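See structure below.
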Amino acid sequence: MFPHSYLFLAGWLLVLLSNTNAQTCSPQCPVGQYCGNSLSGAGTSVCLDCDVACALGCSAAGPGACDQCKTEGYYNDVDTGTCRACNDACARCDGPGITQCSHCNTGYLLTGTACVECAEGTFGDNCTGVCHCLPNTGGCSNVDGACSYFECGWGYTDPPLCQTECVNQFGKNCKYDCHCPVNDTCNIQNGQCSSGQCEEGFSGPGCQTELPRLRIPPTISGNECGNVTVTWPAWDETLDKGQGPIYNYQVWSRSDNISDPGWYSQVNTPVGDTDILNTYTYTFTGLDPNSLYKFRVDTIAKDGKKPFSTKIWGFETKFFSVACPGAVFTDFDVDVNTTDMSLYVNWTLMSDQTVSLDNLTLMYRVSRVRGCGPDIIDTDFQLVSLLNNTNISIPDLLPWRKYEYKVHVSITRGNLTESRTEQEGEFITPAKVPTGPVKDLRVTSTSASTGSIAWNEPECSHRNGEFRNYLISVKNLNNSAAVDSNFTTTQDNFDLSNLRSYTVYNVLVRFVNEEGVGPPGSVYLTTLETGKFSKSFLSISFRSVIQIQGL
């Protein structure tokens, strides 16, 4: 009796001979096809595709007629002469079992001859990838690392893969900005700086406490023969920098004497007064009339019932002469009218009959678009004359900006003329409705019932406020009676579902800040016919840094 394998080969030889005798294809079938009966009958012979398991050619239909089995995903069952599929875990194998693998598919690790699914927290080829999903949210795919609930762990973003590490940001979804010194590094989970220090002006856990600071230097409200009165407003969370509440203030002075360049604290305001007074005043006495002096006020935050251990220096005044002729102003106020977006400046001049004021000019310019990273300094100052007035209103300020200003004076006393900057500081303008559309709005994929879109944020100068969300409107252009659909998202992409097949939709996306909704970006999305393959597009999108507190 012949061995089973010989009988098998003989049987297939008879089949091959019978097919060859019965069927003739002209021209001869190419590699990957065989000559067989046409589906139309009538004894017609046609070239038909070999089974998917076949690597080269075949003699007939089915995985048992292959000349050679594919090496990827299949093996040769020598008992039956049939090409059979490997276990789903195997990329290559010698048999049907999970322990007969020679190479593993993505998401499995070869241990001996067995392919074992990647351990929890790992994925990819040979399980070399590391998942970065939020703990206790279902873990990640062992194939590509996609997080089950689209939630990234702290320090990572771009769900569901969550493989993008925060840059200069930290926390869940990279929500918080790092505030570390220059050339320092920030922990992407908790924001702690490697040096243990924070950027100037920040403190607390993760360097997230912005220390309070008055927005402008103190003003000189009295200056007479070595006696200088310094005045400053109470810290106001709506106008000034940082976070309260306030413990107290420290008032400092410094002379221009190069042999003694240090700052000296003349006074700490009493604890408790910071919750009562609106304006503070202190008079320095006995200053050297032959020296120049500058002044500053440091604002100390309250930490429970004690002062905060760190602070940021207040803005300094320019150097003042403390000789008998005093400063030009007894009062100088700068306020922004939020209704008509104008700058209101009000001042009071010293009454000194021996002084002639030749020039009084306000210079101002945009120093920063809020929420847009580093300062963007305008090249030129805008100039406004303040002579012969006691107040002035400057219209047409831009919203959501930080401005800096200086007041330049020219004074004549007898035969002497002096020119200097008398006041300087900064102010901010409030938010307004966005004025620009989102950028690069595009369709990234479509099917018969779904579609995906993505976009980039509007130009920074057109956001005009702190980001809240995007408003998405979808209109069916094939059916004018269809009701528009509206959605909101905080991401820069969105997946649409339950769409009608072979239909044109107009999709509008608007940027929303705390003041309202901006103009739309528009794109047309056409769904496919039922049964058609979906289209896919490669898209790359970016998010601008959104600073904490809009600055």
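The values are calculated or read from the model by the stated rules, or taken from the named source; none is laboratory data. No experiment lies behind these values; they were computed from the predicted model shown. Virtual Cβ from ideal backbone geometry, glycine too; neighbours counted across all protein chains shown. Note: accessible area is taken over every heavy atom of the protein model, side chains too, but ligands, DNA and RNA are not part of it. Shrake-Rupley method; radii C 1.70, N 1.55, O 1.52, S 1.80 Å.
Exactly one residue out of Thr299, Thr361, Thr330 is surrounded by 15 or more Cβ atoms within 10 Å (Cβ to Cβ), of a type in the set (S, T, N, Q) and under 30 Å from Gly204 (Cβ atoms): that is Thr299. Is it true that some residue in the stretch 358-370 is in a loop (DSSP other than H, G, I, E, B) and at pLDDT below 85? Checked the stretch 358-370: no residue is in a loop (DSSP other than H, G, I, E, B) and at pLDDT below 85. Inspection of the stretch 54-70 finds a residue satisfying the criterion of being in contact with a Lys or Arg (Cβ under 6 Å, 6 or more places away or on another chain) and modelled with pLDDT of 75 or more.
Taken over the stretch 165-222, the residue count meeting the criterion of being under 17 Å from the mean Cα position of the chain (by Cα) and among the aliphatic types (A, V, I, L, M) is 2. Among the residues making up the stretch 52-82, a single one is open to solvent by 50 Å² or more (accessible area, probe 1.4 Å), within 50 Å of the chain's Cα centre (by Cα) and of a type in the set (A, V, I, L, M): Val52. Taking the listed residues Arg442, Arg463, the one that is open to solvent by less than 70 Å² (accessible area, probe 1.4 Å), in contact with a Pro (Cβ under 8 Å, 6 or more places away or on another chain), in contact (Cβ under 8 Å) with a residue 40 or more places away in the chain and within 28 Å of Phe150 (Cα to Cα) is Arg463, with no other qualifying. Residues in the stretch 210-263 that are farther than 15 Å from Val322 by Cβ, in a strand (DSSP E or B), among the aliphatic types (A, V, I, L, M) and modelled with pLDDT of 90 or more: Val251 only. One residue stands out among those in the stretch 398-436 that are of a type outside the set (D, E, K, R), more than 18 Å from Val334 (Cα to Cα) and part of a strand (DSSP E or B): the one that is modelled with the lowest pLDDT, which is Leu416. Looking across the stretch 83-92, the residues that are more than 46 Å from the chain's Cα centre (by Cα) and either free of Cβ contacts under 8 Å to residues at least 24 places away in the same chain or open to solvent by 50 Å² or more (accessible area, probe 1.4 Å) (or both) come down to Arg84, Ala85.
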